[in-house]
Structure formats: structure tokens, C-alpha cells
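Chemist: Take this structure, written in C-alpha cells, and hold onto it; I'll ask about it next.
The values are calculated or read from the model by the stated rules, or taken from the named source; none is laboratory data. The structure presented is a predicted model; accordingly, all values stated were derived computationally and were not measured. As a convention, Cβ positions derive from the backbone with ideal geometry for all residues, glycine included, and neighbour counts pool all protein chains shown.
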């Protein structure tokens, strides 16, 4: 339940064993290879990178157009192709994947061309549609020796101006209104060529917009028909290509296998690029967990005895990668820690400490027994039916444990799908009422107090963890004078508040103010100890008392748990009331509408409040709890391991 110790090692071996050693490291997946300080030529990677990229494209393209459809269960579980090493080697050796990839690439290019052509024809068609009434092909507009014609558009206002200007000319001009669409008027102006200069001047005055039409050799109506024919041809071509692509669906599985294989080859080639070389040897620097070193040496000795492993000094430990090590139960809650990020190597793993608080806070934030039951059973059935591996089901396991907490708190608070007990059979109502400890809706104050007490306990826990961790690493003095002093002061304030309730004897109560003043003096004397100047020490100590506001603010933040829990129960009750209203209002099918409202409403309420409970419970860890003993900002260990997207290599039976 801590950050696993990490070593920085250098492996030196003969170059002739490099490929085998890299494959071993790749299969073990326990090392993170460091980049060599020497910049190496990566030209050898180009071909492999290209093949992998092309194969990856082919898989994606074929999946999008394949006749093979994954069922829902396979999608949810990310089911992989199970294959033995021998079968994998055979597929890679015998399958002509490059030919398939090139063919699919050609299909994609043809599809893109056809789709672009369709888009182009559609755009040209839209240009021609307003000109359907034009009876002459655009290229014939100026074909006469004596008469010329132009087409264009004008606004209504400018159209009237054009009419006025034309009246001033001779009768050698004619103006035809082809179409009126929106604010534009589509016009054809016909005039004798000997007045072309005057026409140009007139059109310039009225902001004439000249039109250039596609399919120049056809009248617009025929041009539209021609474009429709072209669109149909391209659509038919697309159907044929899609039919051809579907016939290649049979190659999808093999392409996926090759894609994963090439990705592994690429990773190994990149690892080579991170190596350093002499004439006969190579060396590789890497991070590895301390407890994995012995197994690595054992496996290396099976390949060669001629190797050397030396430990390298870690100059800046804060930059070394972090591996979290927890038992099966706590590992699930790494899903919460990962949202915040990894701790630094010199900080404790917060996962085991946050786990009990997160479960309790989630249950309080949802506090609905019916929803807790659904959450608990739902996540359990999903994991069992879909057979999701433990490493892939962290979030589901967190929700399962939180479902148990929600069920318990919901039962204690008497909230079961927002149902009013008075409407239940007496036997059931009596059992539920006996379990109920407090009606939060009627008396929320005790729960408010409980949430803040829990918050205060968690904050003290964070300070205690800080004392433990600093003491463990030889900083007991700092631990006691910093976190220890604050623990004393916070407890002193609580003690003083309790004495005001007259619970203790008068003699004990009289100590309250003195204990608080002792805490104040302790903070003033210790919190500025790093300063050299006496006055600076004193003022820094006094200023540290301001942090008390932060602690009170942190404690008050936990009251949000009550608000979230109340919201869940109230919304559930409203859903039930609305369902009953519709049942009574609508004859015959009112009961059906009520069922739909109940199922839909409670499903939505459950989903939105599970999300809210998860986010806010996590926020209390990240903002109020973690800063008391850690900063975060560490980097997670990235092992040199075979990351399979499609394939799961299994041993031969």
C-alpha cells in the first residue's frame, strides 16, 4: 500500500543478442526505457512506421465499411482476438497484407473522388436552379453578330433603377425577368452590340452582378438534367465500390493481427533507437521496480551470460516514475487517485487512505437505499456476465462498494426510491421504519453535524499521515512542529467548544481557554522558525494563524454531502408524485405513462446523482484531504510492454 521503490539501471550486452533481449523486455513489460542522450538516425524506422500507419488505416477503414458487426457485449468488454504465438507468426508470414492495404487505399481514394464529384455537381445544380427558365445555353448568349445578351442578378431597388435607365436608351434593349428568389431578381438583358458601351455604364450604376453558369453548352434546364445524371452515375459507382469493400471484410481479423504485430515491431525498433552502441556491444538505460530486478536477471541469463547490469544514480528523485502498489481491494480505488494524478516518488500513495472516506462520502451524497441496491447489483452483474478482467473493472468495483454504502445510508435515512411508507403494506412499512434511524427531510441538522465531524476527522487524518510520513523519512522535528502543532490547536478549539456545552465539570471546563491559548502560542513560536530574523519569525508565526480560516472552510465543504443526499431523495419523491398525477389524469393508459415516468425519471435521477456523488466525493479528497500530506504532480511508470488493441496472445493448449 505504497509507492513501489524504483531503480535506474543500465544493461550492457553484445549486439548479437540485442533483438532477443529487447523482445524479452517487451514481453516482460516491467521496464521503462530511457531515451539515450545521443541523437540517432531514425531513417530505418520510416518503412516500419509507414507500414503500421497504412495497416492501421486499413483496419479503421474496413471496420467502418465492413459487414461484420460486433455485438454489444464484445464492444463493452473490448473483446480481443485470442491467438497463440505460433498462429501469430503464421499469419504474419503468410498473409499478404500490403496488397490488401493498397487495394483498400485505392478504394478510399475512389470513394473520396466520387463524393467530391457529387458535391461539385450538387453545387453546380444549385447555381442552375434559379435559371431554369432561361431558354438559351450560356455560351450562346453572345453568339449573334448584331445582338448581345448578358445574365445577372439585382436587388428589387436596383431593378427599378435599371428599368428607368433603360427607358432613356433607344428601343434596342430588352429586359427579361428569369426568376425571383429571395431578395435577388435573376435577369437577362438583350441589346444591340452597337450600344454595348452604354449598357456597361448603365449596369455599373445599378450594381449589376454578372452570372457565370456551369454547363455552358446546355440550357439551364438541360444542364440540371445532365448534372442529375452525373450524380446518379457517381452514386452508382459508390455503391459498387462499397460492395467491393464489403467483400474484403474477411480480411479484417488478419489485418488487426498484423496491425498489433507491426505496432510491437515498431516499439522494439524505437527501443533500439534509445540504445547506445560500441563496436560489439549495446547499452540500454531503463527504470524498473526493485522487486522485478531479480526476475529480469534470471530471464536474461537464459539468453546469455555475457551481460552486465549496473545501478545508475538518480540525480533528481522527484522526476523518477511512480508505481502504486496496493492489495486487490485498494487497487480498485486507484481509479480515483488517477483522476488527481500520481503522487511524487517521495510522497505516500493516498489510495488506501482515501478509500474508506470516499466510500462513506459517496454513500452520504447519494443516500438512497433503492438506488444503492440497483448500483450494487447492476455493477456486480455487469462484471460477472461480461466477465470483465479485474484490471479493466476498477471503476465498476468502486461503484459496487459505493453502492453498498449508499444502500446502508439510504436504509438508515428511510429513503427507498422516494416511496412514502404510508402507501406500503403495514408489514413492509413497519420493517423499513424500524431500520430507519432518522428522517433527513424532516430533521437534517444531525446529518449536517455528522458530515462536518467526518470532514474534521479526515483533515486530522491527513495531518497524522503527514507526521507519519515525515517521521519515517527522518523529519520528525518538522512533522511535530508543523502538522503536530496544528493537530493540537484544532483539537484545542474543539475541546473549548465542548466545554461551552457544560458536559464536563467546572474544573475541566476552566481549562478550555488555556488549551486554545497554548495552541496559539505554539503556532506563533513554530511556524516562522525558518526565518533568521527574530521579528520575521514572530510575524510569520502570527500570520500562520490565518490558515485557521482555511481549515474551517475545509470542514464546511463537507456539508455539500447533505445537500446532495437531500436532492437525490427529494427528486425521487417528485418523480413518484408526477407519475401518480399522470396515472390519474389519463384514462385507460395512465398506468403505462406512469411506468414510463417512473423508469425514465428514476434512471435519470440515479445516473445524474451517481455522477454528482462521484465528482463531489472525489473533490473532497483532492481539495481538502490530499494537500494535508502531499502535493502530487508525479509521473506514472510507462512500461515497455506489448500494448494490444486487437490481439490477446495466449499459450498453446
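Residue-by-condition table, conditions (1) in contact with a strand residue (DSSP E or B) (Cβ under 9 Å, 6 or more places away or on another chain); (2) modelled with pLDDT of 90 or more; (3) surrounded by 12 or more Cβ atoms within 10 Å (Cβ to Cβ):
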residue	(1), (2), (3)
39	no, no, no
42	no, no, no
55	no, yes, yes
72	no, no, no
83	yes, no, yes
98	no, yes, yes
116	no, yes, no
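Chemist: While we're on this one: From the list 134, 128, exactly one residue is modelled with pLDDT of 90 or more and touching a strand residue (DSSP E or B) at 6+ places or on another chain (Cβ under 9 Å). Which is it?
Modeler: Selected residue: 134, the only one of 134, 128 that is modelled with pLDDT of 90 or more and touching a strand residue (DSSP E or B) at 6+ places or on another chain (Cβ under 9 Å).
Chemist: Still on this structure, I have one more. Within the stretch 589-611, is even one residue surrounded by fewer than 21 Cβ atoms within 10 Å (Cβ to Cβ) and either assigned by TED's automatic domain parsing to the domain that holds residue 22 or within 30 Å of residue 346 (Cβ to Cβ) (or both)?
Modeler: The answer is no, given that none of the residues of the stretch 589-611 is surrounded by fewer than 21 Cβ atoms within 10 Å (Cβ to Cβ) and either assigned by TED's automatic domain parsing to the domain that holds residue 22 or within 30 Å of residue 346 (Cβ to Cβ) (or both).
Residue by residue, here is whether (1) in a helix (DSSP H, G or I); (2) over 30 Å from residue 368 (Cβ atoms) holds:
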| residue | (1), (2) |
| --- | --- |
| 515 | yes, yes |
| 531 | no, yes |
| 543 | yes, yes |
| 556 | yes, no |
| 569 | yes, no |
| 576 | yes, no |
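Chemist: Name the residues in the stretch 438-479 that are outside any helix (DSSP H, G or I) and in contact with a helix residue (DSSP H, G or I) (Cβ under 7 Å, 6 or more places away or on another chain), would you?
Modeler: 438, 440, 441, 444
Chemist: If a residue must be surrounded by fewer than 21 Cβ atoms within 10 Å (Cβ to Cβ) and within 11 Å of residue 350 (Cβ to Cβ), how many such residues does the stretch 612-626 contain?
Modeler: Of the residues in the stretch 612-626, 1 are surrounded by fewer than 21 Cβ atoms within 10 Å (Cβ to Cβ) and within 11 Å of residue 350 (Cβ to Cβ).
Chemist: What are the residue pairs meeting all of these: first residue in the stretch 426-441, first residue over 11 Å from residue 413 (Cα atoms), second residue at pLDDT below 85, Cβ atoms under 7 Å, and 6 or more apart or on different chains?
Modeler: Listed pairs, sorted by first residue: 429/421.
Chemist: Run down 281, 351, 304, 337 and say which single residue is in contact with a helix residue (DSSP H, G or I) (Cβ under 7 Å, 6 or more places away or on another chain) and surrounded by fewer than 16 Cβ atoms within 10 Å (Cβ to Cβ).
Modeler: Criteria check complete, one pass: 304.
Chemist: Among 309, 231, 288, 224, which is assigned to a strand (DSSP E or B), more than 39 Å from the chain's Cα centre (by Cα) and surrounded by 13 or more Cβ atoms within 10 Å (Cβ to Cβ)?
Modeler: One residue alone meets the criteria, 309.
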